[in-house]
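No value in this document is a laboratory result; all are computed from the given coordinates. Only a predicted model underlies this, so the values are computations on that prediction, with no experimental measurement involved. Every residue, glycine as well, gets a Cβ built from its backbone with ideal geometry; the counts of neighbours run over all protein chains shown.
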Amino acid sequence: MNETADRVLGGCRIAVLLATAAIQVGLSLARLTDTPGRLAFAALAVVLVVAAWWVLRWKPVPWPVALAGAVVVLAASTVAVWTLPTDRLFGDENWASGLAGWHLLVLLMDRPALAMAALVLQMTLAFVRQFGAELTTRGEIGSVVIVGLSVLTFQAATLALIGVVNRRAGEAAEASAERDRQAHRKALAEEREADQRNRFAGQLGATLPLLAGLADRTLDPRDDEVRRRCALAATQLRRLFAENDDVPDPLLHEVSACVDLAERRGLTVTLAVSGEPAPVPTAVRRALTAPLMTALVAARSHARVSVLRADDEIRVAAITDGEPGVTENGSGAVDVEWHALGERSWMEAKWRSRPN
Amino acid sequence: MAFATELTAVVIDDHPAVRAGVVHWLSCGTPPVTVVAEGEDVRAAWIGEGAQADVVILDLHLDSTTPAMGDLRRLTEAGRRVVVYSMRADDETVLQCLELGALSYLTKAEGAEHLLEAVRTAAADRSYTPPSLAGAMAGDRSERRPALSARETEVLIEWFQSESKDFVAHRLGISPNTVNSHLERIRVKYAQMGREAPTKAALVARAIQDGLIGVSDL
């Protein structure tokens, strides 16, 4: 049972406890006449006080205490009813048979079946005593049964009402929790989407300013530098699209994507691969392919791209007939080297899977 | 380099166009290599003029998906100098060819220049290491791989990346001839692995003769 339902049940318990105390003090105290009656009254009062210790703190009465309390209540009511002289059984002096049921409700409210059984038992004990007395007329029998049953019915109805309220509260709480969970999931999903959008925007690199420049005509597509930037942006996008593909060899897949775009640009590219595929983190793949893209964009007509995977290191290299690029040694994990020899330039990005 | 007689070769490949192309490349080389026989299966290397050819150029994938390792083994055991010329194969197959005694392994992406060089060096009982083979050796992670020095590994990697010995020499600050010696020494180390083959023995003997390695290195 959830928290809200527990709170509702706790409230009901307090209400019944206060009602019982009011009935006991307000209606029964004045009707005490004999010593056994006073003792029974005191026992019931003690049970109520003991139960109040838990009930007023919104907790159910512990199971052993509730059971012991119920026995005491049944005993007290029996004593009070059975010690009454026969002629007073049907008058104001018989306060106990109507009152004890409320005590049982306070104690056993969390177990409706048991509470009902105890109520019926208590009322039966009272009936047995009353019928055992000298009832003569059908009118007397009728009035006893009517009084007894109306009290019992009222108590049973209270019990049932509490049960219904409790169940409804449980359902309401469940629905509200589900609503909370859905709101939470939605918030999470929105956050993730925003995050992905941001990451994607970050990975778009030079694309957005380039598109903006072309759109407002501050950049001229006839300019070689602008074309080079376009080629770089296109390669970055192509590589980014390849990044999330589910392939057995993601690094080679991304390198191939870069090579593919260079070939579409009219370059002659040879791609040489050696060694077995090895797992490479996404960030490292980005760092390995970023200088490769720079090198390929700078190439004029020829490029040789190689991927070498040895024991604990991975090298992506490109030899082109273009200008060497600037070393972008940002990520730290990947070493990038540029080297020029005559007309050609050499780039190598190296990553060690087990850093020294 | 003086060749007393002209070099001869036999070309085995299941594609006629490839055979024709290889014959043309070899005939255009300096010195030219004469193709005395060609055929779509390995019989051409065993009968007729092909049986006497100096070098066998063998396609590893003859009409089937499994590489013709058995044919390669029988040829090297008979002391034939084999240059494997194949579609790009996995590194394991490449290294297995070396172990069986092939003097060189070229992929078909590697052109006339490498093929001619491979045939010429094979005829002299020397090895030729084209870039793809260097890459396979540099990425070799097998248990049985020979121990290479740091410099030898660098040479392999640079050669694989650049396809230019001048470039390797410049990068490492050594002469192109030293690059070649490193590559040959590496090949001798590989020749000492695995089963014996006359071609491998000849390769090692030649390396000693050339002063690349000493007898004490064996």
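I'd like the mean, over residues of A:265-275, of how many other protein chain beta carbons sit within 10 Å of each residue's own Cβ.
On the way: counts 0, 0, 0, 0, 0, 4, 1, 11, 5, 17, 7.
Per residue, the average neighbour count from other chains is 4.
Between rounded, prolate and oblate, where does the range A:16-78 land on the alpha carbon gyration tensor, with a ≥ b ≥ c its root eigenvalues, rounded for a/c under 1.5, else prolate if a/b exceeds b/c? Let's see the in-between values first.
Details: a/c = 3.01, a/b = 1.48, b/c = 2.03.
Oblate is the answer for the range A:16-78, as a/c is 1.5 or above yet b/c matches or exceeds a/b.
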Answer in debye to the nearest 20: the dipole magnitude of the protein assembly as shown about its Cα centre, from +1 Lys/Arg and -1 Asp/Glu charges placed on Cβ, is 2200 debye
With a point put 7 Å past each Cα toward its Cβ, work out how far residue A:167 is from residue A:110 in nm, to one decimal. 2.0 nm
Descending semi-axes in whole angstrom, ellipsoid equivalent of the range B:148-190, from the Cα gyration tensor: 16, 10, 9
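Taking a ≥ b ≥ c as the square roots of the eigenvalues of the Cα gyration tensor of the range A:171-312, is the shape rounded (a/c under 1.5), prolate (a/b larger than b/c) or oblate?
Working: a/c = 4.07, a/b = 1.56, b/c = 2.61.
In terms of gyration-tensor shape, oblate.
Over all directions, how big on average is the projection of the convex hull of the alpha-carbon atoms in the range A:104-231, in square nanometres?
Orientation-averaged projected area of the Cα hull: 14.9 nm².
Based on DSSP, what percent of beta bridges with both residues in the protein assembly as shown are antiparallel, to the nearest 5? Walk me through the numbers on the way to the answer.
Details: 23 of 48 bridges.
Antiparallel bridges make up about 50 percent of those DSSP assigns within the protein assembly as shown.
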Work through the residues other than residue A:63 whose Cβ is under 14 Å from its Cβ and net out their charges, Lys, Arg +1 and Asp, Glu -1. +1
Against the globular-protein guess of 2.2 N^0.38 Å, express the Cα radius of gyration of the range B:60-106 as a ratio, rounded to two decimals. 1.02
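Give, rounded to the nearest 20 debye, the magnitude of the charge dipole that the range A:3-176 has about its Cα centre when Lys and Arg contribute +1 at Cβ and Asp and Glu contribute -1 at Cβ. Provide the component values of the computation, followed by the final result.
Details: 12 positive and 11 negative charges, 49 e Å.
That gives a dipole near 240 debye.
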Radius of gyration and Dmax for the range A:158-255's Cα atoms, expressed in Å? 26.5, 88
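Answer rounded, prolate or oblate for the range B:116-183, using the Cα gyration tensor with square roots of eigenvalues a ≥ b ≥ c: rounded when a/c is under 1.5, else prolate when a/b is larger than b/c, else oblate. List each step's numbers first, then the result.
Values: a/c = 1.67, a/b = 1.07, b/c = 1.55.
Judged from the Cα gyration tensor, the range B:116-183 comes out oblate (a/c at least 1.5, b/c at or above a/b).
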Using the Cβ atoms and a cut-off under 10 Å, what net charge is assigned to the surroundings of residue B:137, where Lys and Arg are +1 and Asp and Glu are -1? 0
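With a Förster radius of 60 Å, plug the Cβ-Cβ distance of residue A:215 and residue B:147 into 1/(1 + (r/R0)^6) and report the FRET value to the nearest 0.05. Intermediate values should be presented prior to the final figure.
On the way: r = 60 Å, r/R0 = 1.00.
Efficiency, rounded to the nearest 0.05: 0.50.
Nearest 500 deg cm²/dmol is fine: what mean residue ellipticity at 222 nm does the protein assembly as shown get from its DSSP H runs of n ≥ 4 alone, each adding -39,500 (n - 2.57), divided by its residue count?
Details: 19 runs with 323 residues, N = 574.
It comes out at -19000 deg cm²/dmol, rounded to the nearest 500.
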With the radius of gyration and the Kirkwood radius both derived from the Cα set of chain B, what is their ratio Rg to Rh? 0.94
Principal axis extents for the range A:72-137, Cα atoms only, whole Å, descending order, please. 40, 19, 16
Phi to ³J(HN,Hα) by Karplus 6.51 cos²θ - 1.76 cosθ + 1.60 over the range B:71-84, Hz, x for Gly, Pro: 4, 4, 5, 4, 5, 5, 5, 7, x, 7, 8, 10, 10, 7
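Starting from the Kirkwood radius over alpha-carbon pairs of the range A:1-112, derive D by Stokes-Einstein at 20 °C in a medium of 1.002 mPa s and give it in µm² s⁻¹. Spell out each step's value before the answer.
Values: Rh = 14.3 Å.
Once the numbers are plugged in, D ends up at 149 µm²/s.
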Using θ = phi - 60° and the Karplus form 6.51 cos²θ - 1.76 cosθ + 1.60, what ³J(HN,Hα) does each residue of the range B:175-184 get, whole Hz, x for Gly and Pro? 8, x, 5, 5, 4, 4, 5, 4, 4, 5
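Within the protein assembly as shown, how many Lys pairs that are eight or more residues apart, or on different chains, come under 26 Å at the alpha-carbon?
Here the count comes out as 7.
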For the range B:47-146, the spread of Cα positions along each principal axis, largest first, Å: 41, 27, 26
Magnitude of the Cβ-charge dipole of the range B:29-171, K/R +1 and D/E -1, about the Cα centre, nearest 20 debye? 300 debye
Treating each Cα of the range B:103-218 as an identical point scatterer and ignoring solvent, apply the Debye formula and state log10 I(q)/I(0) at q = 0.11, 0.17, 0.18, 0.20 Å⁻¹. -0.33, -0.84, -0.95, -1.19
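May I ask for the Rg/Rh ratio of the range A:230-356, computed from Cα atoms with Rh as the Kirkwood radius, given to two decimals? Let's see the in-between values first.
Values: Rg = 13.4 Å, Rh = 14.4 Å.
Rg/Rh for the range A:230-356 comes to 0.93.
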Using only the alpha-carbon atoms of the protein assembly as shown, report the extent along each of the three principal axes, biggest first, to the nearest angstrom. 148, 66, 45
